[in-house]
Amino acid sequence: MLEIGKKLPTVELQDDNGELVAIHKLEGHISVIYFYPKDETPGCTAEACGFRDEYESFEALGAKVFGVSGDSVRSHQKFKSRHRLNFSLLSDKERIAEKAFGVPRSLLGLLPGRVTFIADKKGIIRHTFTSAFHARQHVREALKFVEENLSS
C-alpha cells in the first residue's frame, strides 16, 4: 500500500462526466481519495452517502473528495444521481489506480479493498485508513484527520 510521505501516483482516470482526472495533479488542495468495492452495494452506498453528508465540512477545510472503484462511468453516473452525491466518482475499470496506490484486495483477492488516502496540498500522502467492514468510519476518520492536521 502507498506509504505515508509518498507522492500521489501518476494516474489518470475518467470521472462520472467522462472527463480525465490526473490524480497526480490534485495539488493545491487537500485530497481525500477513497477506494470502494462497488456502486450500489450496502456498505459502499453508506460510505458514499456519508461523504455526501459531510462534503460541506470537507470543502470548508479546503478538501476535495474523490471516490474510486472499478465500476464504469455510466454506473457512476447512475449511482451519483440516485444518491445525490456531490463529489466526483472515478472509474478504475483496469485497476490502474488500485495497483498504483497498492490497495489490498480482500476475500482471497477477489474483492477490491476499501481504503481512504488523504493527501496534503502538495500531493503527499499524509494519512491512510483501511477497513473493509466499517464503511462509515472512513468518513469520520478522514474528516477528523483533515480537521486536526491539515486545515489552516
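What is the distance in Å between the Cα centroid of region 120-148 and that of region 14-38? About 15 Å separates the Cα centre of region 120-148 from the one of region 14-38. When the solvent-accessible area of region 78-138 is split by element, carbon and sulfur atoms take up 55 percent of it, the probe being 1.4 Å.
Heavy-atom accessible area, probed at 1.4 angstrom with all protein chains present, ranks SER57, SER81, SER131 as SER81, SER57, SER131, highest first. Computed from the C-alpha gyration tensor, the three semi-axes of the ellipsoid equivalent to region 99-152 are 24, 14, 5 Å, from longest to shortest. Size descriptors for region 62-152 (Cα atoms only): Rg and Dmax, in that order, 13.8, 42 Å. P(r) tail, the chain: Cα-Cα pairs separated by more than 18 Å, 52% of all pairs.
Based on protein heavy atoms only, region 1-99 ends up with 48 Å² per residue of surface accessible to a 1.4 Å probe. Restricting region 16-105 to GluC sites (Glu not before Pro) that sit in a DSSP loop and have at most 12 other Cβ atoms within 10 Å of their own Cβ leaves GLU19, GLU94.
Suppose we keep just the DSSP beta bridges with both residues in the chain; what percent of those would be antiparallel, to 5? Intermediate values should be presented prior to the final figure.
Working: 17 of 27 bridges.
Taking every DSSP beta bridge with both residues in the chain, the antiparallel ones total about 65 percent.
Give the residue list of chymotrypsin sites (Phe, Trp or Tyr not before Pro) in region 46-152 that are DSSP loop and have at most 15 other beta-carbon atoms within 10 angstrom.
Answer in residue order: PHE133.
The values are calculated or read from the model by the stated rules, or taken from the named source; none is laboratory data. Since the model is a prediction, treat every value here as computed from it, not as a measurement. Quick reminder, even Gly has a Cβ in these numbers, built from the backbone with ideal geometry, and neighbours come from all protein chains shown. Note: accessible area is taken over every heavy atom of the protein model, side chains too, but ligands, DNA and RNA are not part of it. Shrake-Rupley method; radii C 1.70, N 1.55, O 1.52, S 1.80 Å.
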